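Worksheet: the structure to be examined is printed underneath.
The values are calculated or read from the model by the stated rules, or taken from the named source; none is laboratory data. Because the structure is predicted, anything quoted here is derived from the model rather than measured. Every residue, glycine as well, gets a Cβ built from its backbone with ideal geometry; the counts of neighbours run over all protein chains shown. Side chains included, ligands, DNA and RNA excluded: accessible areas come from the protein's heavy atoms. Shrake-Rupley method; radii C 1.70, N 1.55, O 1.52, S 1.80 Å.
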Amino acid sequence: HLAALVLARGGSKGIPLKNIKLLAGVPLIGWVLRAASDAGVFHSIWVSTDHDEIEKVAKQFGAQVHRRSPEVSQDSSTSLEAIREFLNHHHEVDIVGNIQATSPCLHPSDLIKVADLIQKEGFDSVFSVVRRHQFRWSEVKKGENKMTEPQNLNPAKRYRRQDWPGELYENGSFYFAKRHLIEKGYLQGGKMAYYEMHAEHSVDIDIDIDWPIAEQRVLSFGYFGKEPLKEVKLLVCSVDGCLTNGRIYVTEDQKEMVSYDYKDIVGINLLKKRGIQVRLISERDCSKTLSAMQLGCIAEVSATNKLQVLEGWQKDMGLSWKEVAYLGNEESDVECLKIAGMSGVPADACAVAQKAAGYICKSNGGCGAIREFAEHIFLLLQKVNSARKQ
């Protein structure tokens, strides 16, 4: 039994709840969970955490959750202690693939090859490395009366980069080990092998503290799913609970009023400027409200079957599902969220809608969720354009 295990403690000295902070529109931990799931080599995928919000995100990405004890959730706790605790509770596991949550450019192809090394070629432990071309010098501490010395070069005959193979360094992306080694207190031991990752995939958020730089790396080199990304051509948005906050105000003369956030109108207009059609859908007859808003969007009101409407629009426009995005918030949106190539929900969407969506906004419905989801779409369009250039 090969289990993937991601350690995700709630405490973080540098960035609070870093493991679930959005990176290029996806919770940080989601990048490695998606890669582990799509690799198809793990019998189970686990997140070991002490935090409720991390547990919630882990389950949204299909992982099982091991609630780690306070004893192995301290700042001083080691990864090995947390892994050994996990094994004490899961006797079915023979091999642990410990994957670092802060390595968002990990690809399924890497995990597949490592699984083969440990399952088919008989290695007891395999860990990830990256090749670096850096010259090292000995450290001279302040007050010491001595000179620095070269560690891996001859200064009189400095290598050109293309003439020097470089050196291998652990990058911390993953450590695979068999149970008997871990129980003895080792993550590396027995018959060992390293797995060399591509430099562009070796992104460590613990080191790349500048979040915008890390996002650009992920957009260029991250793994976005089994199918190649396509440019979104259509966004379908539920009116009640997404464009509005779902509240209906009734005046004394029985007229209905709703409120919306101007940020969302800006988001719709930005999408249109990028050539993305925006269409609206509602289960109730809100045609007068939409007319008053003057959004200039095609809308389907009194829709008893949202999926049927969505399928009709997709076929009429000649689009693949990868070119369709959907923003919903209710149980009636679930099937649409599942079928659309890109799906999102506001932060206050119902639980079943959140579980079906690929992206959960930080904003509530009627409070900027459409604007935020538009930014998420623009980020992925950057990824599409980058792939085309490559």
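Miscellaneous remarks
- Stretchable slack from Ser44 to Lys315, in nm (0.36 nm times residue separation minus alpha-carbon distance): 93.8 nm
- Listed residues His201, Trp137, Gln382: farthest to the positive end of the dipole of the chain (Cβ charges): Trp137
- Only DSSP H runs of four or more residues enter the estimate; each adds -39500 (n - 2.57), and after division by the residues of the chain the mean residue ellipticity at 222 nm equals -9500 deg cm²/dmol.
- Relative contact order, whole percent, for the chain stands at 15, derived from Cα pairs under 8 Å and 6 or more residues apart.
- Ranked order, Thr304, Thr78, Thr102 - accessible area, probe 1.4 Å, largest first: Thr304, Thr78, Thr102
- Dividing the alpha-carbon radius of gyration of region 1-68 by the rule-of-thumb value 2.2 N^0.38 Å gives 1.05.
- Sorting 3-11, 155-163, 276-284 by average packing, meaning the other beta carbons within 10 Å per residue, from highest down gives 3-11, 276-284, 155-163.
- Surface composition of the chain: carbon plus sulfur atoms hold 48% of the accessible area, using a 1.4 angstrom probe and ignoring ligands, DNA and RNA.
- Counting only DSSP beta bridges whose two residues both lie in region 2-210, roughly 40 percent are antiparallel.
- Per-residue surface analysis assigns His133 an accessible area of about 60 Å², computed on protein heavy atoms at 1.4 Å probe radius.
- Rounded to the nearest 0.05, the FRET efficiency derived from the C-beta distance between Leu153 and His89 at R0 = 45 Å is 0.40.
- Intensity falloff of the chain expressed as log10 I(q)/I(0), Debye formula with alpha-carbon point scatterers, at q = 0.10 Å⁻¹: -0.75
- By the compact-protein rule of thumb, 2.2 N^0.38 Å, the alpha-carbon radius of gyration of region 2-210 corresponds to a ratio of 1.13.
- Spin-label model, Asp75 to Glu53: label points 7 Å out along the Cα-to-beta-carbon direction sit 2.0 nm apart.
- Full-stretch length increase - Val266, Arg161 - with 0.36 nm per residue and alpha-carbon distance subtracted: 32.9 nm
- Per residue, region 2-210 exposes an accessible area of 50 Å² to a 1.4 Å probe, with every protein chain left in place.
- With the simple spin-label model, which puts each label point 7 Å out from Cα in the Cβ direction, the Arg279 to Glu196 separation comes to 5.1 nm.
- Relative to the Cα centre, the charge distribution of region 234-330, modelled as +1 at Lys and Arg Cβ and -1 at Asp and Glu Cβ, gives a dipole magnitude of about 460 debye.
- J(HN,Hα) series, region 124-133, from Karplus relation 6.51 cos²θ - 1.76 cosθ + 1.60, nearest Hz, glycine and proline x: 8, 8, 9, 9, 8, 9, 9, 8, 10, 10
- Computed on region 2-210, with alpha-carbon pairs under 8 angstrom and 6+ residues apart, the relative contact order is 24 percent.
- When the alpha carbon gyration tensor of region 234-388 is reduced to an equivalent ellipsoid, the three semi-axes, largest first, read 24, 16, 16 Å.
- Computed over region 234-388: relative contact order in percent, which uses C-alpha pairs under 8 Å that are six or more apart: 28
- What region 216-345 shows is 52 Å² of accessible area per residue, with the surface traced by a 1.4 Å probe over protein heavy atoms.
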